[in-house]
1. Could you work out Rg/(2.2 N^0.38 Å) for the range 40-97, with Rg from alpha carbons only?
2. State, to one decimal in nm², a quarter of the convex hull surface area for the C-alpha atoms of the chain, i.e. the direction-averaged projected area.
3. Sort 74, 38, 33 from largest to smallest accessible area, using a 1.4 Å probe on the heavy atoms of the protein chains.
4. Could you tally the net charge around residue 32, taking each other residue with its Cβ under 11 Å from the Cβ of residue 32, Lys/Arg +1 and Asp/Glu -1?
5. Which whole-number value in Å² is the accessible area per residue of the chain, probe 1.4 Å?
6. With axes computed from alpha carbons, what is the tilt in degrees of helix 2-13 against the longest principal axis of the chain, rounded to the nearest 10 within 0 to 90?
7. What is the dipole size for the chain, taken about its Cα centre, with +1 at each Lys and Arg Cβ and -1 at each Asp and Glu Cβ, in debye to the nearest 20?
8. Using Cα springs under 10 Å in a Gaussian network model of the chain, which residue among 86, 65, 17 shows the largest mean-square fluctuation?
Amino acid sequence: MSAEIEEILKRYQSYPNVVGIIILDPFAIPIKTTMDYTLTVHYAAVVNTLAAKAAKMVSSLDANNELMNIRLRTKQHEVIIVPSENYIIVVVQKPGD
């Protein structure tokens, strides 16, 4: 599992404008992060709630569909959330023009 996590980190760190990466377990407990611990815990809490609500919305619209990712853009950051069976990957990046 550790090699898989390291591979995920390497893949996303190679993308331009990435500010930080957080890998959470299915219970939103941080496994690995490149961000400050306090910020990581804050992201973990809000991302878990957002991903759960988004997944519920998708399945209520179409029971045969599933949530693949969430992309949220603000003035300062873009947050990409990729939920899977084993992990929730959170990538925070500077928005591109």
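The values are calculated or read from the model by the stated rules, or taken from the named source; none is laboratory data. Model, not experiment: these values are computed from the prediction. With ideal geometry, Cβ positions are generated from the backbone for all residues, glycine too; neighbour counts draw on all protein chains shown. For the accessible areas, the whole protein counts, side chains as well, though only heavy atoms, and no ligand, DNA or RNA atoms are used. Shrake-Rupley method; radii C 1.70, N 1.55, O 1.52, S 1.80 Å.
1. Working: Rg = 12.2 Å, N = 58, 2.2 N^0.38 = 10.3 Å.
Rg over 2.2 N^0.38 Å, computed on Cα atoms: 1.19.
2. Numbers: hull surface 26.9 nm².
About 6.7 nm², averaged over all directions.
3. Details: 74 70, 38 100, 33 50 Å².
Ranked from most to least accessible, the order is 38, 74, 33.
4. Residues near residue 32 contribute -3 overall.
5. Values: 6520 Å² over 97 residues.
Heavy-atom accessible area per residue stands at 67 Å².
6. 80
7. Details: 9 positive and 10 negative charges, 69 e Å.
Using Cβ point charges on Lys, Arg, Asp and Glu, the chain gives about 340 debye.
8. 65
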